[in-house]
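Asker: I'd like to ask you about the structure that follows.
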Amino acid sequence: MKTVIGYLKEYFNKPKDIKVKGFDNFDSDKKYSAVEFEKFGKFYIGAPEFVCALNGDSETVVKTYQQEGFRVLLIAQEINNKKEPLAIITLEDNIKPTAKQTIDYFKKNKVDLRVVSGDNPITVAHIAKVVGIEGYENFVSAHNLTDEELLAVISEGCDKLGVKLVNDEN
């Protein structure tokens, strides 16, 4: 099985001539990282919905993998100031063997469960379904919310559940 570097070396056919011009470290707000090569331009890797717009078959493939619970990464190249998709990488989360048993324990004790994650909400919903969390399909994606909007959503949910939030400013 070839690695990503193997494919890049094959694609560019001159691995010893590849020189890095700059890079952007992964950032949890951007959900991608990037590297720019002197001869080949800039490449991105990260969450597809943050790297570039997809349509047609690419979008269908990504959504299908996400709905099956895979974490999906997209590699794209910047061409004429536009990011073009090159490859999709799928990763499967290993769910702990005791996860379902733990969820069942909480359900038996009438604990209302919520999952809070920074990962793709479709992928997270699938994993929540697999381990038996009820209401998994009622997810809220906070990717496009401001900090104030996110706090309002969390506060509203906590009020409904009788939970209070405490932070350093209270």
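Asker: Taking the stated definitions as given, is residue 107 of a type in the set (D, E, K, R), open to solvent by less than 80 Å² (accessible area, probe 1.4 Å) and in contact with a Cys (Cβ under 8 Å, 6 or more places away or on another chain)?
Answerer: Against the criterion (of a type in the set (D, E, K, R), open to solvent by less than 80 Å² (accessible area, probe 1.4 Å) and in contact with a Cys (Cβ under 8 Å, 6 or more places away or on another chain)), residue 107 does not qualify.
Asker: Please work out which one of (1) over 20 Å from residue 93 (Cα atoms); (2) in contact with a strand residue (DSSP E or B) (Cβ under 8 Å, 6 or more places away or on another chain); (3) modelled with pLDDT of 90 or more is the condition residue 60 fails and give its number.
Answerer: That leaves (2) as the condition not met.
Asker: Does any residue in the stretch 45-72 that is hydroxyl-bearing (Ser, Thr, Tyr) come within less than 6 Å, Cβ to Cβ, of a residue that is not in a loop (DSSP other than H, G, I, E, B) six or more places away or on a different chain, and which pairs are these?
Answerer: 58/85; 65/72; 65/90
Asker: May I pose another question? Mind listing just one residue for me: the one in the stretch 68-96 that is open to solvent by 90 Å² or more (accessible area, probe 1.4 Å) and at pLDDT below 90 and, of those, farthest from residue 35 (Cα to Cα)?
Answerer: So the residue we want is 96.
Asker: Still on this model: Looking only at the stretch 134-156, which residues are open to solvent by 100 Å² or more (accessible area, probe 1.4 Å), part of a loop (DSSP other than H, G, I, E, B) and out of contact with any helix residue (DSSP H, G or I) (no Cβ under 9 Å at 6 or more places or on another chain)?
Answerer: 144
Asker: Of the residues that sit in the stretch 35-66 and are assigned to a strand (DSSP E or B), in contact with a helix residue (DSSP H, G or I) (Cβ under 9 Å, 6 or more places away or on another chain) and open to solvent by less than 50 Å² (accessible area, probe 1.4 Å), which one is farthest from residue 122 (Cα to Cα)?
Answerer: Among them, the one singled out is 37.
Asker: Check residue 116 against each of (1) of a type in the set (Val, Ile, Thr); (2) at pLDDT below 80; (3) more than 28 Å from residue 48 (Cβ to Cβ) and name the one condition it does not meet.
Answerer: Every listed condition holds for residue 116 apart from (3).
Asker: Is the stretch 106-122 home to any residue that is hydroxyl-bearing (Ser, Thr, Tyr) and outside any loop (DSSP other than H, G, I, E, B)? Full working, then the answer.
Answerer: Pass one, the stretch 106-122, residues hydroxyl-bearing (Ser, Thr, Tyr): 117.
This time we only want the ones that are outside any loop (DSSP other than H, G, I, E, B), so: none.
No: the stretch 106-122 contains no residue that is hydroxyl-bearing (Ser, Thr, Tyr) and outside any loop (DSSP other than H, G, I, E, B).
Asker: Follow-up question, since we're still on this one. Return the residue satisfying two criteria in turn: it lies in the stretch 77-103 and is of a type in the set (S, T, N, Q) and part of a loop (DSSP other than H, G, I, E, B), and of such residues it is nearest to residue 132 (Cα to Cα).
Answerer: For the stretch 77-103, the residue satisfying everything is 98.
The values are calculated or read from the model by the stated rules, or taken from the named source; none is laboratory data. Please read all numbers here as calculations on a predicted model, not as lab measurements. Glycine also receives a Cβ, built like all others from the backbone with ideal geometry; neighbour counts cover every protein chain displayed. Just so you know, the surface numbers come from the protein's heavy atoms only, side chains and all, with ligands and any DNA or RNA stripped out. Shrake-Rupley method; radii C 1.70, N 1.55, O 1.52, S 1.80 Å.
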